[in-house]
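Inspection log for the structure reproduced underneath, given as structure tokens.
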Amino acid sequence: MSAEKVTVSVIKADVGSVVGHSRPHPSMLEASKGILADAQKQGIIEDFYVTRVGDDINLYMTHYKGKGNKDVHGAAWECFQKAAKIAKSMKLYAAGQDILTDAFSGNVKGAGPGSAEMSFEERGSEPLLFFMADKTEPSAYSLPLSKIFLDPFTTTGLVVDARAKKGFCVEIQDVIDNKKVVMKSPEETLSILSLLGDTSRYAIKRICSRAGIGPACVVSTDKLNLTAGKYIGKDDPVCICRAQSGLPSVGEYLQPFINPMLVAGWMRGSHYGAFYPCSPEDSDPVYFDGPPRICCLGFQLNEGKLQGLEPLGTKNGEHIPVDFFKSDTWDLARANAVKASRFIRSQGPFMPSILGPEEMEYTSRPEVLKELTSRFERLD
Ligand code: 13P
Ligand code: 13P
Ligand code: MG
Ligand code: MG
């Protein structure tokens, strides 16, 4: 009989922030911790960690209830309701931003918050990485994950680790048409890249081992503007990764972020900027509502519980993760991200500083065109 599968869920939302789209008030995080501590006491979840990236609250939860579980999602929903209420009482900016419905229907899908979940048999040692991004969209992970899982010049493990060499199944979502396709690396690598290159439409949802290890990573691909039917905020996606022993190593996961990558979504959700790797503590958007932040926190999993650097006997939930991008090793990457962002900003309201017309979250163009209807003349 196979062992019971553990589920790791990250559910996240922006429900209001102090000074524009900067950061949630600490009391919103505290309230979330209290609610998840109760959920843990009730046996809904095994363990949890509450953090944030920029203005997004991220709830990490471990449990044995499987993906899409009503009670687990319900606990997250309660956190966001409570935090939104606090935000409203303080008149914070965009209070309740990502809450699209009054009625919880058993799952946060389609209700505004983003979620990434994976279920697997816990290995003898289970290193987990939690990437969190602010001011960008789900397809922002496509380039780094392609490097990590498809490029042997990035991940030497794809060559030297016999199980990683067997390749991976890559689930790609068409985020506009709401459909998916599963493709196989290494043999379909070039076709995979052919799709993923269109970051406005395709995004990696999940990658699984072809050597029987199960899921390697999962991304929250909820597109808030499509769900809501109008611009609300960016999706600010998370990505959960399992590392080592037939999967990319921790270092192989982190490596691509040393080079600047342009991603869509900063300033009014309408500009390209470079990913800025940093600690959650440094994730306030301080320059042109950005640059888009990427954080990475690590935990070991221990019988369904999170193990970080906290002292022995620490209360559950009060964890200390390894904060990978905090290190000054990343100073050069940060400086290059600012340099690249500044360069693209110098193009002002011109593409490719701003997004293409279908992707602009704000645009006055339809109005301008309407006003000009009678003034436009046909060319012979
Ligand atoms: P150790 O030999 O230190 O365990 O490291 C192996 C490894 O996978 C490093 O990426
Ligand atoms: P958030 O999606 O992080 O709320 O940011 C919105 C925005 O466009 C800020 O300029
Ligand atoms: Mg916001
Ligand atoms: Mg945000």
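The values are calculated or read from the model by the stated rules, or taken from the named source; none is laboratory data. These numbers were taken from a predicted model, which means no experiment stands behind them. Because the Cβ atoms are built from the backbone with ideal geometry, glycine has one as well, and the counts that use them run over all protein chains shown.
Structural remarks
- Residue within the stretch 216-226 that is within 16 Å of ligand 1 (Cβ to nearest atom) and either touching a strand residue (DSSP E or B) at 6+ places or on another chain (Cβ under 8 Å) or on the phi > 0 side of the Ramachandran plot (or both) present: yes
- Residue within the stretch 280-295 that is touching a strand residue (DSSP E or B) at 6+ places or on another chain (Cβ under 7 Å), more than 15 Å from ligand 3 (Cβ to nearest atom) and either aromatic (Phe, Trp, Tyr) or over 16 Å from residue 236 (Cβ atoms) (or both) present: no
- Whichever residue in the stretch 8-34 is under 22 Å from residue 304 (Cα atoms) and either surrounded by fewer than 22 Cβ atoms within 10 Å (Cβ to Cβ) or within 16 Å of ligand 3 (Cβ to nearest atom) (or both) and, among such residues, is nearest to the chain's Cα centre (by Cα): 12
- Of the residues making up the stretch 242-259, not a single one is in contact with a helix residue (DSSP H, G or I) (Cβ under 6 Å, 6 or more places away or on another chain) and either free of Cβ contacts under 8 Å to residues at least 12 places away in the same chain or part of a strand (DSSP E or B) (or both).
- Counting only residues that are surrounded by 19 or more Cβ atoms within 10 Å (Cβ to Cβ), outside any strand (DSSP E or B) and among the charged types (D, E, K, R), the stretch 288-331 holds 1 of them.
- Test: residue in the stretch 111-125 that is within 16 Å of ligand 3 (Cβ to nearest atom), closer than 20 Å to residue 27 by Cβ and crowded, with 16+ Cβ neighbours inside 10 Å: yes
- Residue in the stretch 95-109 that is charged (D, E, K, R), away from ligand 2 (no atom under 16 Å from the Cβ) and modelled with pLDDT under 95 present: yes
- Residue within the stretch 67-77 that is among the polar types (S, T, N, Q) and away from ligand 4 (no atom under 16 Å from the Cβ) present: yes
- For the residues 57, 44, the requirement of being within 16 Å of ligand 4 (Cβ to nearest atom), among the aliphatic types (A, V, I, L, M) and touching a strand residue (DSSP E or B) at 6+ places or on another chain (Cβ under 8 Å) singles out 57.
- Any chance residue 70 is over 17 Å from the mean Cα position of the chain (by Cα), under 23 Å from residue 297 (Cβ atoms), surrounded by fewer than 24 Cβ atoms within 10 Å (Cβ to Cβ) and away from ligand 2 (no atom under 16 Å from the Cβ): no
- Among the residues of the stretch 52-64, those identified as surrounded by 20 or more Cβ atoms within 10 Å (Cβ to Cβ) and more than 16 Å from ligand 3 (Cβ to nearest atom) are 59, 60, 61, 62, 63.
- Any hit, the stretch 128-140, residues being within 16 Å of ligand 4 (Cβ to nearest atom), of a type in the set (D, E, K, R) and either part of a strand (DSSP E or B) or in contact with a helix residue (DSSP H, G or I) (Cβ under 7 Å, 6 or more places away or on another chain) (or both): yes
- The set of residues from the stretch 297-329 being in contact with a Pro (Cβ under 8 Å, 6 or more places away or on another chain) and farther than 20 Å from residue 8 by Cα comprises just one member, 325.
- Of residues in the stretch 231-241 being within 15 Å of the chain's Cα centre (by Cα) and outside any strand (DSSP E or B), the one nearest to ligand 4 (Cβ to nearest atom): 236
- Any chance residue 86 is among the aliphatic types (A, V, I, L, M), touching a helix residue (DSSP H, G or I) at 6+ places or on another chain (Cβ under 9 Å), farther than 24 Å from residue 278 by Cα and without any contact (Cβ under 8 Å) to a residue 60 or more places away in the chain: no
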